[in-house]
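The block underneath contains the structure these notes are about, expressed in structure tokens.
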Amino acid sequence: MIAVLVARNTFREAIRDRVIAGVFCAGLVLLLATQVLSPLAMGEGRRLTVDLGLSGISLLGVLVTLLAGGSLVAKEIERRTIFNLLSRPIARPHYLIGKWLGMTAALWIVTAGLGVVLWALLAARGFAAHALSLLQSVYLTGLELALIAALAVMFSALSTPVLSALYTLGAYLVGQWSDDLRAYAEKLPPALASTMQALANLVPNLPLFNMRTLAANGETTSLLHLGLATAYALAYCACVLSLAAAAFESRDFK
Amino acid sequence: MQATTRPAEVWPGTGSKAAGSTPLDESLAICVRGLAKHYRSPWTLRVTRGLEGLDLDVERGKVLGLLGPNGAGKTTSLKLLTGLLKPSHGNAWLLGVPISDPKSRRSLGFLPEQPYFYDYLNGIEYLELAGGLSGLSGREAHESARTWLGRVGLGERPRLLLRKYSKGMLQRLGLAAALVHEPEILILDEPMSGLDPYGRRDVRELILEQHARGVTVLFSSHILPDVESVADRVAILHHGRLVHSVEPRDLAASASRRVIVRCEGAPILEIPPAWRGRVTRRPGGADSEFEVAGALELNPVLDWLLRSGVKVRSVIPQGSGLEEIFLAATEGTTPLPEGHEPHGERGPRHARDDSGRPEHGILSPQRTAVGGEPAASRRAHDRRAA
């Protein structure tokens, strides 16, 4: 219940923040721009719209996470608004969970909103049947953003806003290359390979949430993939938030 | 507000020993035992002592004022009690619940020093959030938020965003947020700082109102007259230690408060020998000034002056009794040594009382002005006598 209250307040903060409004407007401009570029794609207009649209939604979501999520807790500590919260009967882990839930909800609203606009654009051009693949792709993007938001909350609870945004960006980039890290590990000597493999398993497996190529072709993914991705995202978020809570528990607020 | 010396037992209803042991006294709203806070620099590993071995009891329904110069440990003490800092040693209980348990803050209202707020919220939203986080249901939080916004004089524009509030309005909102769930304990850190005289008066009245409701209030302040006017007891912190405690009521009735009597004329009056040392003539211009060492002599002196045909122009109490006690308690004391030392080792000046015994609870009868005549109090007396 307490976590829900914190989440609601975080959501309200994120929605009233100009960053989210600005990013949403940028997303709309990007989606409209795909319609300008479509005629130049030599018959691949639908493919370009879906590919660019979904990539834009994902990148803009990451941008929101970096700008708003990176300062989620650190800004509260710097501005001392956290005094008003943690002096109440709130367990610190609940506070972090609430922050993550609120941020994730705001990210999902932005993602869903832009996804609906993208579907409307496709429907206007007679591709309304792509709704399912679009929905699946937007859902996986939402999971990816929830996972990155958990990392942002962890870094934000332990660092300054700028540093936590940088750490989150680093984790996102390394996560995108986690498949490459695994492939690279196979080419290394056995001693180094196991270390590289462990590192690749430690960073978030973000390619798991990428089905943009499938969606661009109008194909859907299996329920097993969706289930596995959901379970992986939930488990990874739980681990990250547990680590954050353990470190945050002993933190002093001077 | 006194130290209890009974052996440590488990507070009824709190369960196991793991929750922490505390003296069995349900009359206590706040119970602090050996609370210490040390900060270690991650680079130099030097230890700075924010608070050392604090023992403090506050009975339910009492008002305790925490006094001390900057860096004395007042804010550290309050932040430890509210869970914002983690103690290095010792423990404390709020209504019998150890402060390590978030439930201890269920009946706690806290106003931090220079409170900061979410500027994207309005007054009602902020108070609803505060009430909800303190355990009120949605409807209760909404009703209480409306009530308290009105009570602190901000009810006319409930939807005004907090970024448009003035400093005084924010302080009032902070007080409303501390009280929105009607707590049993109120902890206020410098509640009057930065307020104009009207704001200070309002805060004073609010503290007295809560006191009348039976709320236990613990507050810190630099403004001695404000502390003196609302606190049942004043505790003085210095260099991270509690060095003195006193009841302002006793000060007001104290026979040792100096008074200046200003008279017109009376150049040839001879002070009776019986009052030598207690009543002195001060050098003045055309008027005469007599300094009376204590209130006990005041009436006889006035009587003598009036009978002698002297016109008394004014009777002026000199300074605040609390101010003298405060200065005596905090002047000339040695700061806690920096660098690591074993826990429990006391600083050079405050480590032991004058008889060489180790000190226990500062608010215990041995250490209060009333019961034990501590060194600080004696120094104050000596200064006055001199």
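What FRET efficiency would be calculated for the residue pair B:Arg258, A:Arg16, taking the C-beta separation as r and a Förster radius of 60 Å, to the nearest 0.05?
With a Förster radius of 60 Å, E is 0.55.
Taking 60 Å as R0, compute the FRET efficiency from the Cβ-Cβ separation of B:Glu182 and A:Ala129 and round it to 0.05.
Efficiency for this residue pair is about 0.50.
Using amide H atoms built in the peptide plane, which far-off residues or other-chain residues are under 5 Å from B:His238 H to H?
So B:His238 has HN proximity to B:Val243.
For the stretch A:11-25, what does the Karplus curve 6.51 cos²θ - 1.76 cosθ + 1.60, with θ = phi - 60°, yield as ³J(HN,Hα) per residue in whole Hz, taken in order and with x for Gly and Pro?
Calculated HN-Hα couplings, in order: 4, 4, 4, 5, 5, 7, 6, 5, 4, 5, 4, x, 5, 4, 5 Hz.
For B:Gln114 and B:Asp287, compute 0.36 nm times the residue count separating them, minus their Cα-Cα distance, and round to one decimal in nm.
My answer for the length gained is 57.6 nm.
Taking amide hydrogens as modeled 1.01 Å from N in the peptide plane, which residues meet the under 5 Å criterion relative to B:Thr48, leaving out close sequence neighbours?
Those lying under 5 Å, H to H, from B:Thr48 are B:Tyr39, B:Arg40, B:Ser41.
For the Cα atoms of chain A, what angle does the longest principal axis make with the long axis of helix A:45-64, in degrees from 0 to 90, nearest 10?
Orientation of helix A:45-64: about 10 degrees from the principal axis.
For the stretch A:79-92, take each phi angle, set θ = phi - 60°, evaluate the Karplus expression 6.51 cos²θ - 1.76 cosθ + 1.60, and give the result in whole Hz per residue in order, putting x for glycine and proline.
Running phi through 6.51 cos²θ - 1.76 cosθ + 1.60 with θ = phi - 60° gives 7, 6, 5, 5, 4, 5, 8, 6, 7, 9, x, 10, 6, 4 Hz.
Can you give the net charge of the other residues whose Cβ lies under 14 Å from the Cβ of A:Leu134, counting K and R as +1 and D and E as -1?
Summing Lys/Arg as +1 and Asp/Glu as -1 gives +2.
Angle check, please: helix A:161-176 long axis (alpha carbons) against the longest principal axis of chain A (alpha carbons), in degrees 0 to 90, nearest 10.
Computed tilt is about 40 degrees.
Given A:Lys75/B:Lys164; A:Lys99/B:Lys86; A:Lys75/B:Lys62, which pairs have Cα atoms separated by over 27 Å? Provide the component values of the computation, followed by the final result.
Working: A:Lys75/B:Lys164 20 Å; A:Lys99/B:Lys86 22 Å; A:Lys75/B:Lys62 36 Å.
Check vs 27 Å cut-off fails for A:Lys75/B:Lys62.
Determine the calculated [θ] at 222 nm for chain A from helices alone, applying -39500 (n - 2.57) to every DSSP H run no shorter than 4 residues and normalising by the residue count; nearest 500 deg cm²/dmol. Intermediate results must be reported in sequence, preceding the final value.
Numbers: 12 runs with 197 residues, N = 254.
Calculated from helices alone, the mean residue ellipticity at 222 nm is -26000 deg cm²/dmol.
Spin-label point model (7 Å from Cα, Cβ direction): what's the A:Cys25 to A:Ala238 distance in nm?
About 4.2 nm separates the two model spin labels.
Helix A:223-249 versus the longest principal axis of chain A: what is the Cα-based angle in degrees, 0 to 90, to the nearest 10?
Approximately 20 degrees, to the nearest 10.
Give the relative contact order (percent, whole number) for the stretch A:1-114; include only Cα pairs under 8 Å separated by 6+ residues. Could the numbers behind the result be given before it?
Numbers: 89 pairs, mean separation 58.4, N = 114.
Relative CO of the stretch A:1-114 lands at 51 percent.
First select every other residue whose beta carbon is under 13 angstrom from the beta carbon of A:Arg79; then total the charges, Lys and Arg +1, Asp and Glu -1.
After counting each charged neighbour, the total is -1.
Given H placed 1.01 Å from N in the peptide plane, which residues other than close sequence neighbours of A:Arg88 have an amide H under 5 Å from its amide H?
When sequence neighbours closer than 5 places are left aside, there are no close amide H contacts.
Every number in this text was worked out from the coordinates using simple rules, so none of it is lab data. Computed from a predicted structure; not experimentally measured. Counting neighbours? That spans all protein chains shown, and the Cβs are built from the backbone with ideal geometry, glycine included.
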